[in-house]
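Structure, as structure tokens:
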Amino acid sequence: MATARPEIVFAGTDGGAVLTLDEYRSAGGFGALAKAREMAPDEVIAELEASGLRGRGGAGFPTGRKWAFVPKPDQLPKPHYLVVNADESEPGTFKDREIMLRVPFRFLEGCLISAHAIQAKTVFVYIRGEYEREFEILRDSLEAMRKAKLLGKVTLVLHRGAGAYICGEETALLESLEGGRGLPRTKPPFPAVAGLYAAPTAVNNVESIATATKVLELGGAEYAKLGVENSSGTRVFSLSGDVVNPGNYELPHGISLRELVYDVGGGVPNGRALKAVIPGGSSTPILTAEDIDTRMDFDSLVAAGSSIGSAGVIVLDDRCCMVQLGVRVSQFYEHESCGKCTPCRVGTRWLTQILQKIENGDAGQADLDLLLSVCDRILGKCLCPLGDSDAIAVASYVARFRDEFQQHVDLGRCPFEGESSLERILAPTEMHARHHEAAHA
């Protein structure tokens, strides 16, 4: 299947924002919802399965199949729930906020389509607490839909989180929604059968839900023509770091990393050399400059030794110290660990300490070997992916830039001597916010 030519959707000064009900309706809004409501729930799910839509939150599980796992009300006579994960906290990822800021009605329409598909009467949107403006826009948009009597028999609740990264994990999110501490649950049972309030629940990402609107509008088979095999459709790539034009760009799966960084992003600033790219948010393995022609789709990135994750693409120039990057990333996961399981609670702290020792020039060869050993002790042994994310990222830095780690040990200091470009790339969401504000000044 050929890749369509890139078409930038979320870019420029207004990004195609549609913020009033009348404006959205005049653009054909709610046509997909009307179409879905004329179909049986199983027919809606069949359209999603035909589209090949895979989850946009990181795991990449087929959306239609996830919905099909939810038992029918006559099979399990309990309330059914749709829970939307809008707790976007992955470093390097800021596309869900753009969807909620600029096309809130498209997202909310997707919520109603999805609720119809799984026969849910209640939808919870769990939104990151720091997303105050996004919450206000969703609240106002929801009120406009309520007044227009578009909700039907569905109750849609906006629930603000309290800033815990762990609540991005679906079962921790459900615990938080129920009023408990945001701690991951053991699985099975899976949320499809015993999710919110032990009832059948589908948990989906914001971009997945917003895309469901387009799938119903185009039809599953037509949507599947976009992108490439096993990675249908478009993706909102959050491009940040050492790049001229950071921002969110909706492009077909299969676009190359080179096209994304250089053609869309304008390349690396000030003529500096590209050193590495993190392709899917901080939890994904790093790629080197030699991987620049890798296609941005599920299978191609796995073949390259990484993953598309949440499509948060962080560009790093030749000033970036990989040990410093490891310290900052590991500090994040250490801080955000809920502490429920020992490999994560102890392992993330241990990784940070070893990396800091290497960066300070106090490490010996044994410490470098120990670093990888600790990664092995974390991987696959945690209750949820948080600890694994730290270990996967750090191990990839060592694997791809082993010589740089060795230099720190051999020289007894950081060879970059404070000249790393990390200051620009550590908080990509905040960096994008500044870029966004400048574009609107």
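A few remarks follow.
- Hydrodynamic radius (Kirkwood) for the stretch 93-181, which is based on Cα pairs only, to one decimal in Å: 13.7 Å
- Kirkwood Rh (inverse of mean 1/r, distinct Cα pairs), the chain, angstrom: 22.4 Å
- Test item: Cα-centred dipole of the chain, Lys/Arg +1 and Asp/Glu -1 on Cβ, debye: 1340 debye
- Under 18 Å from the Cα of Lys66 - aspartates and glutamates, other chains or at least 8 residues apart: Asp42, Glu43, Glu47, Glu49, Glu169, Glu170, Glu207
- Compactness check for the stretch 212-352: Cα Rg over 2.2 N^0.38 Å is 1.18.
- In the chain, helical runs assigned H by DSSP with n ≥ 4 each contribute -39500 (n - 2.57); averaged across all residues and rounded to the nearest 500, the mean residue ellipticity at 222 nm is -13000 deg cm²/dmol.
- The distance from the alpha carbon centre of the stretch 68-147 to that of the stretch 368-395 is 32 Å, rounded to a whole number.
- Sparse packing (at most 11 other Cβ atoms within 10 Å of the Cβ) combined with a DSSP loop state is found for the following trypsin sites (Lys or Arg not before Pro) in the stretch 133-207: Lys149, Lys153.
- Bridgeable lysines around Lys381 (alpha carbons under 20 Å apart, same-chain partners fewer than 8 residues away excluded): Lys187, Lys340.
- Acute angle (nearest 10 degrees) that the helix 41-51 long axis makes with the longest principal axis of the chain, alpha-carbon atoms: 40 degrees
- Using the Cβ-Cβ distance between Glu43 and Leu411 with R0 set to 51 Å, the FRET efficiency works out to roughly 0.20.
- Label-to-label distance, Glu229 versus Asp403, with points set 7 angstrom from Cα along the beta-carbon direction: 3.7 nm.
- Dmax and Rg, reported as Rg then Dmax, of the stretch 128-225 (C-alpha, Å): 15.9, 43
- FRET efficiency, Arg139 to Thr186 (Cβ-Cβ, R0 60 Å, nearest 0.05): 0.95
- When you restrict to C-alpha pairs under 8 Å that are six or more residues apart and normalise by the size of the chain, the relative contact order lands at 18 percent.
- Here the gap between Glu178 and Lys147, fully extended at 0.36 nm per residue and compared with their Cα-Cα distance, gives a gain of 8.3 nm.
- Convex hull volume of the stretch 21-225 per residue (C-alpha atoms, cubic angstrom): 115 Å³
- Using a Förster distance of 41 Å, the FRET efficiency for Lys121-Leu379 (Cβ separation, nearest 0.05): 0.50
FYI, it's all coordinate maths here, none of it is from the lab. This one's a predicted model, so the numbers in the text were calculated from it and none came from an experiment. Neighbour counts are summed over all protein chains in view; Cβ atoms, including those assigned to glycine, are modelled from backbone coordinates with ideal geometry.
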